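Have a look at the structure below before the remarks.
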Amino acid sequence: MDIEKKVKKMVENKINELGFVLDGVDYLKEEGLNILRITIDKSGYVNLEDCELVSKAIDPMFDEDLIEESYILEVSSKEKGEIEDGQ
């Protein structure tokens, strides 16, 4: 089982308990850094505090055996941060 599937299986229930939906898990390399990106969604808008809440809740679930390399855990929203012009 690859890292993304293992992570999804491990964190999905906790994310759901917090009132969010796990939209995706990506393990990738960006600018020489390993990034574990967890994308969440919910009814309405996902804000920075939501991402922080989920990050703090799932961070203790990770142990050294799951990913051997050093990595950055990133929790982000499905939205792309586009600003509507209100017209």
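The values are calculated or read from the model by the stated rules, or taken from the named source; none is laboratory data. Note that the structure is predicted; figures quoted are calculated from it, not measured. For neighbour counting, all protein chains shown are included, and Cβ atoms are generated from backbone atoms with ideal geometry for every residue, glycine included.
Considered as a group, the residues in the stretch 1-40 that are among the small types (Gly, Ala, Ser) and either assigned to a loop (DSSP other than H, G, I, E, B) or in contact with a helix residue (DSSP H, G or I) (Cβ under 7 Å, 6 or more places away or on another chain) (or both) include one that is nearest to residue 70 (Cα to Cα), and that residue is 32. Across the stretch 1-17, the qualifying residues are those that are of a type outside the set (Asp, Glu) and surrounded by 14 or more Cβ atoms within 10 Å (Cβ to Cβ), and the one among them that is farthest from residue 43 (Cα to Cα) is 3. For residue 16, the criteria (1) closer than 11 Å to residue 75 by Cβ; (2) modelled with pLDDT of 95 or more hold in every case but one, which is (1). A search for C-beta distances below 8 Å between a residue of the stretch 43-54 that is surrounded by fewer than 16 Cβ atoms within 10 Å (Cβ to Cβ) and any residue that is at pLDDT 95 or above, counting only pairs 6+ apart in sequence or on different chains, returns 52/75.
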